[in-house]
Amino acid sequence: SKMACAPTEAAWDAAVWQLEYCYQHRDAGFRFDRDGNRVPVAYYDSAGKEDPKTSKCQHGHVVFMGDGPLICKSRQHKHPGSGTMSLEYMALCAVTKDVVYLRAILGDVMMVVKMLMLPLEPTAVYGDNERTCDFATASKMTPNMKHVRTCYHLSRDFWETGDIEPRWVAGKDNPSDILTKG
């Protein structure tokens, strides 16, 4: 879609191929399982390759429930990052916002339906950078992260309130990895 206003021939061919693929698979879709996970599970990732025009990197996340994707996003960071850990930490903040929003909706639904009136357990939020997970749950600022903008520390606040639980997952097992590729 970045190329839509003035597509190159290769971009046009890719767009036509994508439309053709969508048409051929119009009956396919995501499947949700009523016996699947009833608590949201989220995955996030960030790429380290900068866009030459904006100096910003791509990040993406997906939130699963019922063994199907409820939220799936891929976009550029709002600010340039400086290093893998800060980029991953920024992506963690983005997925945290969607997880907290989803948890609020689920809380309202559970009250209306009068199902379990218990608070949800913390939502597991998986990323493939161990230092980012450690930093999100640490109670101190490290010299390596002093340059990170304050707005990205939101994930730490929601970890402290028990809304999210940052966890590590190997890169090959991270389904959001594909959202950061061109």
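Structure data summary
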read-out	value
Sites His79 and Ala11, calculated FRET efficiency, Cβ-Cβ separation with R0 30 Å, nearest 0.05	0.65
Label zone at Asn37, where the point sits 7 Å out along the Cα-to-Cβ direction: the range 48-70 residues whose backbone N lies under 16 Å	61-70
Whole-Å semi-axes of the ellipsoid equivalent to the range 1-77 (Cα gyration tensor, √5λ, descending)	29, 22, 7
Accessible surface, per residue, of the range 1-90 when the full set of protein chains is kept, probe 1.4 Å, Å²	70 Å²
Cα→Cβ-extended label distance, 7 Å offset, between Glu165 and His25, nm	3.3 nm
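The values are calculated or read from the model by the stated rules, or taken from the named source; none is laboratory data. It should be emphasised that the depicted structure is a prediction, and the values quoted were computed from it without experimental measurement. Positions of Cβ are generated from backbone atoms using ideal geometry, with glycine treated the same way; all protein chains shown enter the neighbour counts. Surface areas here come from the heavy atoms of the whole protein model, side chains and all, with no ligands, DNA or RNA. Shrake-Rupley method; radii C 1.70, N 1.55, O 1.52, S 1.80 Å.
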